Structures are given as C-alpha cells and as structure tokens.
Amino acid sequence: MRGVLERMARAGNPPLHSLSPRQAKVAYSMGADVLEVPRAALARVHDMHIPALDGHWMPARLYSPLAFVPSAAPLPVLLYFHGGGFTVGGIDTHDILCRELSRLSGAAVVSLDYRLAPSHKFPTAAEDAWDALVWLRIHGESLGLDTRRIAVGGDSAGGTLAAQCAHRARDVGMALAVQLLFYPGVAAHQDTPSHSKFASGFVLDEPAITWFFGHYVRTREDRNDWRFAPLLAPDFSGLAPAWIGLAECDPLVDEGVLYGDALRAAGVAVDLEIYRGVVHEFIKMGRTIPEARRAHADAARALRQAFHLT
C-alpha cells in the first residue's frame, strides 16, 4: 500500500480539490481503472435508464452472470451506488467493481448514475437513490430480477446513499436482504480521531473531503439531515442486516465503526471487517492490493448468504 501511495505521489497529478468540478470528474475517470483487476466478461451487461420522481431519467447498468431468459427463475439484485464524494464518479468508473460483485456472488447488480454536485446539490443524490430503489422494487421483475430479494450497496458517498435507503426502506415496510457498505460516510462532521490521524497522505485527505462537501451541501444545516449523515437517524431498529468493509488507514474508519455499533445496539445483525494497512479507495486497487480482492470476495459471500444462493 505504501508503494502505491509513493507511486501516486511521484506521478505528480494535481489533487482533485485543486481542480474545477468538471476537471475533477475527468481526472477521476481517467485514473479509475489503473489499479483495477481485469474486466470480467459477464453473460449480460445492459445499459438502461431509471426515472426519478421529478422526471429526470438516470442512466443505469445491469450486470448479470446469466443471460436473460424470460422463463428462467429471476435473479436477486444489488442496487449499487458509486463513490466519489457526490461530485465525481459514475457507472464507468465502477464498472469493474460491479462486474466483480456480480461474477463472484452469482447475483445481478444494477449500478446507478445518480446526479452529481455541484449542478445537483443535497438532497438530489439521496432522492435519486431512493427513487431508483422504489422503481426497481416495482419494475424489476420485467428485467428478470427477483424483487423480493433486493440489497443496497455502495462505497464511500455511495455507502451513504445505501445506508439512508436502508432507513427509508424500513420506514415503508420494504424488506432488504442486506446493506453492503464499503467505507461509508455516515457522520455529520469530520470530528472523529481517524479524521485527524489520516488527514493527509492517505488518498482521501481533509482538503478533498471539504471540497466534496462544499460542492454538495447547500447549508451547514444539511449536514444534520440523516439522509446526509445516517448516524443521526433517530431509530436503527428493524433495519436490514449490514456488511461493512472498512479501510484501516482511512479518515472514515471511525464513523464506519460507529455506524456498525449503532446497528448492533438496535439488534441489527452486522458483519464488519477492517482491512488492515489499506486506504480509502482500496477496493479499486485489486491489481496491486490483495486486500481489495479479499474484500470483493467477502462482500460477494455476504450477498450470497443474504440472497440464499448456493
């Protein structure tokens, strides 16, 4: 991991927070696959659109290890939200990861291109995520998906979106199989010890977090909304079981542990793993970092168990 960080430093690329949002989106996309595992071939990869309630059509991509046969048994599905601080990232930057989750689990994955800041500030991303989940529950059967076996998942900001979806699903009586969270952002403020300890030199640094949230939130009050900070939700009881994969050297590790603790205290089943010696974004470094491949396998195992797949 140290070697990766040293090579990144030697490359001399400008940090995202020094760029305009448009430039940052391009820079993040250009580097997204550099350390990824090879792109897996799947029987079915289908680009589509999902409508938001305000009429916007969100691009999405369906991954499946099986070809679509109308008469075949429907596949359980993970609705996945990419990371990127609500400001960068998209379907293409997380294409390899979603392929791996589908390939290793045997389940379908739907990756969502929710709207990004600064053009679309909070709570647009949260509402897009929820609208997509509701749509998938109602219309997923037409895509060969089992709408009785749906999970939500995401990394970083995408983990935030997945966690708030789990709360909203509980509130409307929608059963989810699992919430699959890679180093989610769940706190209102960057005030845990890990935010100080890993503030600089560990991929996601303090200036980047401030830059991301500066583009995403409208006012300081937005930070106190549990859709932005799921740790502030008033009730954790009855939520879907959680699989949480954290990076040890990550500003977000402490709040990830706190979220797991809040779930456990409310009687929710939690499987939490801290991958030692790695940093934020490590799950997209499987070509170099063995822990990334192990996290892929662990997450896929959690999906198989939640979906009762053999």
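Only helical DSSP H runs with n ≥ 4 go in: add -39500 (n - 2.57) per run for the chain, normalise by residue count and round the 222 nm mean residue ellipticity to 500 deg cm²/dmol. Before the final figure, lay out the partial values.
Working: 9 runs with 110 residues, N = 310.
The per-residue figure over the chain is -11000 deg cm²/dmol.
Between region 172-214 and region 14-46, how far is it from one alpha carbon centroid to the other, in angstrom?
19
So if we plug the beta-carbon distance of Glu6 and Asp92 into 1/(1 + (r/R0)^6) with R0 = 30 Å, what FRET efficiency do we get, rounded to 0.05? Show your work: numbers first, answer last.
Numbers: r = 27 Å, r/R0 = 0.91.
After rounding to 0.05, the efficiency reads 0.65.
With r as the distance between the Cβ atoms of Thr288 and Arg223 and R0 = 22 Å, compute the FRET efficiency 1/(1 + (r/R0)^6) and round to 0.05. Write out the running numbers ahead of the final one.
Working: r = 35 Å, r/R0 = 1.57.
Once rounded, the FRET efficiency stands at 0.05.
Going by a ≥ b ≥ c, the root eigenvalues of the Cα gyration tensor, does region 198-310 fall in the rounded group (a/c under 1.5), the prolate group (a/b larger than b/c) or the oblate group?
Numbers: a/c = 2.14, a/b = 1.10, b/c = 1.95.
Oblate.
Would you mind putting 226-236, 44-54 in packing order, based on average other-beta-carbon counts within 10 Å, highest first? Walk me through the numbers before you get to the answer.
Numbers: 226-236: 18.8, 44-54: 14.0.
Those peptides, ordered most packed to least, come out 226-236, 44-54.
When the scattering of the chain is computed by the Debye formula from its Cα atoms alone, each counted once and equally, what is log10 I(q)/I(0) at q = 0.09, 0.10, 0.16 Å⁻¹?
For the requested q values the scattering log ratios are -0.39, -0.49, -1.40.
Just how large is the dipole of the chain about the Cα centre, in debye to the nearest 20, putting +1 at every Lys and Arg Cβ and -1 at every Asp and Glu Cβ? Don't jump to the answer; show the numbers that get you there.
On the way: 30 positive and 33 negative charges, 125 e Å.
Dipole of the chain, to the nearest 20 debye: 600 debye.
Would you please state which residues of region 272-310 a label at Leu66 would reach in this model, taking the label point 7 Å out along Cα→Cβ and a backbone N cut-off of under 16 Å?
Residues 304-305, 307-310 fall inside that zone.
Most exposed first by the Cβ proxy, i.e. fewest other Cβ within 10 Å, how do Val152, Val37 rank? Write out the running numbers ahead of the final one.
Working: Val152 31, Val37 18.
With the sparsest Cβ surroundings first, the list reads Val37, Val152.
Tell me, what is the FRET efficiency for Ser237 and Arg44 to the nearest 0.05, using R0 = 51 angstrom and their Cβ-Cβ distance as r?
Details: r = 37 Å, r/R0 = 0.73.
Computed FRET efficiency for Ser237 and Arg44: 0.85.
Using Cβ counts within 10 Å as a stand-in for footprinting exposure, how do Ile150, Ile289 rank, fewest first?
Details: Ile150 26, Ile289 22.
Fewest to most other Cβ atoms nearby, the residues stand as Ile289, Ile150.
Rule-based calculations on the coordinates, nothing more; no lab input. None of the values given here were measured: they were computed from a predicted structure. Heads up, the Cβs are rebuilt from the backbone with ideal geometry, glycines too, and the neighbour counts pull from every protein chain shown.
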